[in-house]
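*Asks:* To start, I am sharing the structure in question, which I have written as structure tokens.
The values are calculated or read from the model by the stated rules, or taken from the named source; none is laboratory data. What you are looking at is a predicted structure, and each value in this text was computed from that prediction instead of being measured. A quick note on method: Cβ atoms are made from the backbone with ideal geometry, for glycine too, and the neighbour counts reach across all protein chains shown.
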Amino acid sequence: MEKNGDQIEVTEREASNKPRSPHNVRIVLAASLLLAVVMMSLAWIVPALS
């Protein structure tokens, strides 16, 4: 960030609000979805066995 008089200049990366590593977000979302599916399946299958 640079200040020239009253004007402040920022780079595109500084102004952006995107996560820096979107790949990690995908991994967390995929893992949580898989965990939710497994837990819901267990909640349905285990009572059906008894």
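*Asks:* Being exposed (fewer than 10 other Cβ atoms within 10 Å of the Cβ) and without any contact (Cβ under 8 Å) to a residue 24 or more places away in the chain is the requirement here; does ASN17 meet it?
*Replies:* Here the answer is yes, as ASN17 does meet what is asked.
*Asks:* Do the conditions hold for ALA36, that is, is it surrounded by fewer than 10 Cβ atoms within 10 Å (Cβ to Cβ) and either in a helix (DSSP H, G or I) or of a type outside the set (A, V, I, L, M) (or both)?
*Replies:* It is false that ALA36 is surrounded by fewer than 10 Cβ atoms within 10 Å (Cβ to Cβ) and either in a helix (DSSP H, G or I) or of a type outside the set (A, V, I, L, M) (or both).
*Asks:* Would you point out which residue out of ILE45, ILE8 is assigned to a strand (DSSP E or B), surrounded by fewer than 10 Cβ atoms within 10 Å (Cβ to Cβ), of a type in the set (A, V, I, L, M, F, W, C) and modelled with pLDDT of 80 or more?
*Replies:* Exactly one residue qualifies, and that residue is ILE8.
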